[in-house]
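The values are calculated or read from the model by the stated rules, or taken from the named source; none is laboratory data. Bear in mind that the values here come from a model prediction, so they are computed numbers and not experimental data. Here Cβ is always computed from backbone atoms with ideal geometry, including for glycine, and neighbour counts include all displayed protein chains.
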Amino acid sequence: KYKTIMTHTNSRLLDASEERLNALAPLHGYAEERLVSLEDAVVSLRNLVHNIDVRVWTATNRSENPADKLTPNESAAIILYTIEWDPNHPSLYLVLN
């Protein structure tokens, strides 16, 4: 299992040469959008990410008392994005990137 995680990590660190070098347009208007719960935010990912609802539940339960003045939703979103999942299913980070 450790080797699999390291393989994913190493491949991410070593693919810098494949990154786009052109500048991307800035995102405008996102700050005016209404915030939604993490559960609502991932609805469109259900067909892309294996067991996303279970992962959201896990992340939410780990975020009941977050540090650094984050809201529970903000903390859960960070956990959901950064945790490694089982080797047979890519993490949210890998799916989105």
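Which ones in the stretch 32-42 are closer than 14 Å to residue 77 by Cβ, assigned to a helix (DSSP H, G or I) and out of contact with any Ser or Thr (no Cβ under 7 Å at 6 or more places or on another chain)?
The initial filter retains those residues of the stretch 32-42 that are closer than 14 Å to residue 77 by Cβ, namely 35-42.
Next cut, assigned to a helix (DSSP H, G or I) only: 38-41.
39, 40, 41, listed by residue number.
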Any chance residue 95 is of a type outside the set (S, T, N, Q) and either surrounded by fewer than 12 Cβ atoms within 10 Å (Cβ to Cβ) or in a loop (DSSP other than H, G, I, E, B) (or both): no
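When you scan the stretch 59-88, how many residues do you find that are buried (at least 16 other Cβ atoms within 10 Å of the Cβ) and either modelled with pLDDT of 90 or more or touching a Pro at 6+ places or on another chain (Cβ under 8 Å) (or both)?
The initial filter retains those residues of the stretch 59-88 that are buried (at least 16 other Cβ atoms within 10 Å of the Cβ), namely 59-60, 63, 66, 72-73, 75-77, 79-80, 85.
Pick out the ones that are also either modelled with pLDDT of 90 or more or touching a Pro at 6+ places or on another chain (Cβ under 8 Å) (or both) and you get 59-60, 63, 66, 72-73, 75-77, 79-80.
Of the residues in the stretch 59-88, 11 are buried (at least 16 other Cβ atoms within 10 Å of the Cβ) and either modelled with pLDDT of 90 or more or touching a Pro at 6+ places or on another chain (Cβ under 8 Å) (or both).
Answer with yes or no whether residue 50 is part of a helix (DSSP H, G or I), at pLDDT below 90, surrounded by 13 or more Cβ atoms within 10 Å (Cβ to Cβ) and of a type outside the set (Val, Ile, Thr).
Numbers: part of a helix (DSSP H, G or I): no; at pLDDT below 90: yes; surrounded by 13 or more Cβ atoms within 10 Å (Cβ to Cβ): yes; of a type outside the set (Val, Ile, Thr): yes.
For residue 50, the condition - part of a helix (DSSP H, G or I), at pLDDT below 90, surrounded by 13 or more Cβ atoms within 10 Å (Cβ to Cβ) and of a type outside the set (Val, Ile, Thr) - is not met.
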Kindly evaluate residue 83 against the criterion of being within 10 Å of the chain's Cα centre (by Cα) and either closer than 19 Å to residue 35 by Cβ or among the small types (Gly, Ala, Ser) (or both). no
